[in-house]
1. Note down the nm distance, to one decimal, between modelled labels 7 Å out along Cα→Cβ at residue 205 and at residue 19.
2. Taking only the alpha-carbon atoms of the range 34-101, what semi-axes of the equivalent ellipsoid follow from 5 times the gyration tensor eigenvalues under a square root, in whole Å, largest first?
3. Considering only DSSP beta bridges with both partners in the chain, what is the antiparallel share in %, to the nearest 5?
4. Per DSSP helix of 4 or more residues, -39500 (n - 2.57); summed, then divided by the residues of the chain. What does that give at 222 nm, rounded to the nearest 500?
5. Between residue 166 and residue 129, what FRET efficiency comes out of the Förster formula 1/(1 + (r/R0)^6) with R0 = 25 Å and r the beta carbon distance, rounded to 0.05?
6. How far, in degrees from 0 to 90, does helix 104-116 lean away from the longest principal axis of the Cα atoms of the chain, to the nearest 10?
7. For the range 132-168 and the range 80-130, write down the distance between their C-alpha centroids in whole Å.
8. Restricting to Cα atoms and excluding each atom paired with itself, what does the Kirkwood estimate give for the range 66-108 in Å?
């Protein structure tokens, strides 16, 4: 579903080089030291950054020159990117149309997404009137109405406590199963990767150093750099 071949990107003095394959319907976690290039990897896939060279393909389509809004990708960030002056329903609706010129079918689609993430009762509230976890549910609902086959998560639940993080991961896993989404999640919480992902990619010094099944990644026999990071 997602393929990066010899993708190079320069950030200040670091020349990053990414090779990675993510299968359709897979939930892959991305972990590694701060500044290693994890968020850059997601930004390249989403189209927010352009590589110096190499090829990025999504569903076998070359993404060279394809702008972010035309890629088969939704992305959720640590900052939920909600607009404080707009109510929850409108914040979600922006995922479909910035003009908010929506027909009855699209309005029903938004209502369904709010119901799915548990925000139906809060749709007239402003983001300042709901909790941090509920704000992140706005971002999940917005991704649902976009209805793209790839979901990129850039540390979206870092600010939440352990119990709420687990609750959000359960929601994401359930939606992945329902829609056969391909998910790539950057996290600094190894326990989240261990809980949710089928494979884990370890990014170090601007490269995907290792990709392992989750059980092998967290085993004592993993490569030394991984064991040192987890320790």
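Every number here is computed from the coordinates shown, using simple stated rules; none is lab data. Everything numeric here is computed off the predicted structure, so don't read it as measured data. A quick note on method: Cβ atoms are made from the backbone with ideal geometry, for glycine too, and the neighbour counts reach across all protein chains shown.
1. That separation, rounded to one decimal, is 1.7 nm.
2. 27, 17, 8
3. Among the beta bridges of the chain, antiparallel pairing accounts for roughly 50 percent.
4. That calculation yields -10000 deg cm²/dmol at 222 nm.
5. 0.55
6. Helix 104-116 sits at roughly 60 degrees to that axis.
7. So the separation of the two Cα centres works out to 14 Å.
8. Averaging 1/r across every pair of different Cα atoms and inverting gives 12.0 Å.
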